[in-house]
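A quick write-up on the structure given underneath.
Quick note: the coordinates plus some simple rules give every number you see, no bench work behind them. Quick caveat: nothing in here was measured; it's all calculated off a predicted structure. Every residue, glycine among them, receives a Cβ derived from its backbone with ideal geometry; neighbour counts consider all protein chains shown.
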Amino acid sequence: MVVWLVLLFIAVPLVELYVIVETARSIGTLETIGLLIVVSVVGAWMVKAQGLAVLWRVRSKLAEGVMPGRELVDGALVLFAGALMLTPGFVTDAVGLLLLFPPTRMAIRPFIIRRFRHRVTYIGPQGPQPGSIHDTDLADGD
């Protein structure tokens, strides 16, 4: 856990600064600032669009009486992408943009599910059942 915090708070900003400085050397300072702004605006628009799409799918599943498992994972990934897009820098923006594309989220979803499966409690007709979420609840196909 400590290693991840070191990476998060020290290594990522250093990498971002390096990439920004090298980009400014290549294309110019004002162009780099403009590019950061454009990427942030486009990313914010994409976060809004994908977030609304995920919210619509969650509501649709709930209206059908089905647990929206994969939609909730997608929602968390879109939320994380939005946080990355708010962080200034090209590397975090690139990762955030990747998370906004549904095929990328579909590829990452199984890893997230495996990582957090033991923390999920399914409350069904028989009551709470820790870790009993089924693969079909989070499957890609409908």
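Remark: spin-label model distance Val6-Lys48 equals 4.1 nm, labels positioned 7 Å along the Cα→Cβ axis.
Remark: region 43-56, residue by residue, has Karplus-estimated 3J(HN,Hα) of x, 5, 5, 5, 4, 4, 4, 5, x, 5, 5, 5, 4, 4 Hz, where x stands for each Gly or Pro and the curve is 6.51 cos²θ - 1.76 cosθ + 1.60 at θ = phi - 60°. Each residue of region 84-93 is assigned a 3J(HN,Hα), and the resulting list reads 5, 5, 6, 6, x, x, 7, 5, 5, 5 Hz, derived from the Karplus form 6.51 cos²θ - 1.76 cosθ + 1.60 (θ = phi - 60°), x at Gly and Pro.
Across region 3-10, rounded Karplus estimates of 3J(HN,Hα) from the backbone phi angles (6.51 cos²θ - 1.76 cosθ + 1.60, θ = phi - 60°) give 4, 5, 5, 4, 4, 5, 9, 10 Hz, Gly and Pro being marked x. Between Gly89 and any residue 5 or more places off or on another chain, the built amide H atoms are never under 5 Å apart. Mind checking which of Met46, Leu77, Ile113 is farthest towards the positive end of region 1-113's charge dipole, using Cβ charges of +1 (Lys, Arg) and -1 (Asp, Glu) about the Cα centre? Farthest towards the positive end: Ile113. Footprinting exposure proxy ranking of Arg117, Arg109, fewest other C-beta atoms within 10 angstrom first, gives Arg117, Arg109. Dimensions of region 12-138 from C-alpha coordinates, computed as largest minus smallest value along each principal axis and given longest first, are 63, 27, 19 Å.
Listed from fewest to most Cβ neighbours within 10 Å, the set Met85, Met46 follows the order Met46, Met85.
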